[in-house]
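Here the structure comes first, spelled out in structure tokens, and everything after it is commentary.
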Amino acid sequence: MNRKIIYIECLLLLMLTGSLLWHRVAPFPAGSTDTGANKATSSDAPKYIKWVDFDVTSDAMKQALQLDMNSYQKEVHFDWIDLLAYLGAKYGGDFSKYRSQDMKDLAEKLQNGETLEALTKDMKYFSYYKEAYGAVLGGMVGLYEIQVPPSEVPASMLSESGDGETDENKENVWLTKYGLKAFSPIAKNYPYTDFDDFGTSRSYGYRRQHLGHDLMGQVGTPVIAVESGYVEAIGWNQYGGWRLGIRSFDKKRYYYYAHLRKNYPYHKSLKEGSIVKAGDVIGYLGRTGYSRTENTNNIDEPHLHFGLQLIFDESQKEGNNEIWVDCYELVKFLSMNRSETLKNQETKEYNRIYEMKDPAIPENAQ
């Protein structure tokens, strides 16, 4: 009798285990739209990416950018985000597997007439990586106009002006360019040190993960707008001290700059709603924060806390569903484009030397 009871119990346990395995959801990339979160609601409920693990290396971004720029206005133009998304799907998002030859092989296939659609038709998550990487990098490459010193102007473009003055004698010259139009968050000629600190522990207030990237530098170092956008948040926060939040015009990216300088944290032109251009001076590095008392230096080492939040749905802006990405490799990539600044001796304010016109800024923006 006892043996029969034990046998029945074992049989029931096996049936239960099999049922659980049968109903287990197949694995998918973190952040896939197929999270199952909306299945209990209407089929019309919005679906959007819930998580992004941005693991793309600086070397991969540089290679993709170079292929994009070199093929611009040619019959076959390589989109750098497409190239990275293809490798993301190939590697399962793990760029420790990155080989430059893989991207060269992809470019060669596209150059020889194969289509991206055909090459990715069996890549289940290519569309996910394209959207995810596009959210991170979407505003960083394109056409723009920028001032450059005469020494950087091609000789063929230098000409005599009507008043007898050559372009070589002018301070700056406007050029139309295609390429990287995003900037490092630290101004040119200012030293800083950093390491991959994303996800490390923080304990002030409560134990949590560090969801940004710290760049250690000198107090007063000009802080630069990485991408054009508008000021969404400005003022004091007990964790970030004097901080600044800039939203991209497509609303997918929220750039967070924190621990700015005591007494004079921001460029005086800024207020909530202000429009900023990529490369503008927006503030100054400091060590404010970790205090409920406004304008307090309570950070041991001066640094800029730089964060990048992705927003696929406005419900993700604040709360437990926020998506912050590791910016270490991104900042390394952006270091190739640093905005040069000059101090106004009368106002003591720093401003960029070379102005820029960014088509991403809406014409009606004030």
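What follows is calculated from the coordinates using simple rules that are stated; it is not laboratory data. This one's a predicted model, so the numbers in the text were calculated from it and none came from an experiment. Virtual Cβ from ideal backbone geometry, glycine too; neighbours counted across all protein chains shown.
Under 5 Å between amide H atoms, partner at least 5 residues away or on a different chain: which partners does THR288 have, H built in plane at 1.01 Å? Here TRP242, LEU260, LYS262 satisfy the definition.
For region 249-366, just run the numbers: alpha carbon Rg, then divide by 2.2 N^0.38 Å, N being how many residues it has. Don't skip to the answer; put the middle values down first.
Numbers: Rg = 16.0 Å, N = 118, 2.2 N^0.38 = 13.5 Å.
That works out to 1.19 for region 249-366.
Once backbone amide H atoms are built at 1.01 Å from N, ASP280 has ALA225 as its partners under 5 Å, excluding neighbours fewer than 5 places away on the same chain.
The lysine pair count for region 58-137, using Cα distances under 18 Å and pairs eight or more places apart or on different chains, is 12. The string of couplings for region 335-343 from the Karplus curve (6.51, -1.76, 1.60, θ = phi - 60°) is 5, 6, 9, 10, 7, 8, 10, 9, 8 Hz, one whole number per residue in order, with x for Gly and Pro.
A crude spin-label estimate for the pair GLN101 and SER315, with each label 7 Å from Cα along the Cβ direction, gives 4.7 nm.
Each residue of region 56-61 was assigned a 3J(HN,Hα) from its phi angle through the Karplus curve 6.51 cos²θ - 1.76 cosθ + 1.60 (θ = phi - 60°); the sequence is 5, 7, 4, 4, 5, 5 Hz, with glycine and proline shown as x. Packing order of peptides 182-188, 144-150, highest average first: 182-188, 144-150 (average count of other Cβ atoms within 10 Å over each peptide's residues). FRET efficiency for the pair GLN73 and SER151, taken as 1/(1 + (r/R0)^6) with r the Cβ-Cβ distance and R0 = 25 Å, rounds to 0.50.
Peptides 328-336, 355-363, 242-250, 286-294: what's the order by average Cβ count within 10 Å, highest mean first? List each step's numbers first, then the result.
Values: 328-336: 19.7, 355-363: 14.7, 242-250: 21.2, 286-294: 17.3.
Final packing ranking: 242-250, 328-336, 286-294, 355-363.
Close amide H contacts of VAL141 (hydrogens built in the peptide plane, cut-off under 5 Å, sequence separation of 5 or more or a different chain): LYS181. Extension gain, ALA365 to ASN295: 0.36 nm times the residue separation minus the Cα-Cα distance gives 22.1 nm. Couplings for region 323-332, taken from phi via the Karplus curve 6.51 cos²θ - 1.76 cosθ + 1.60 with θ = phi - 60°, read 10, 10, 10, 6, 9, 4, 5, 5, 5, 4 Hz in order; Gly and Pro are left as x.
Across region 58-137, the volume of the C-alpha convex hull divided among the residues equals 86 Å³ per residue.
For LYS271, a cut-off of 28 angstrom between C-alpha atoms picks up these lysines, skipping any fewer than 8 places away in its own chain: LYS181, LYS188, LYS251, LYS252, LYS262, LYS317, LYS343, LYS348, LYS357.
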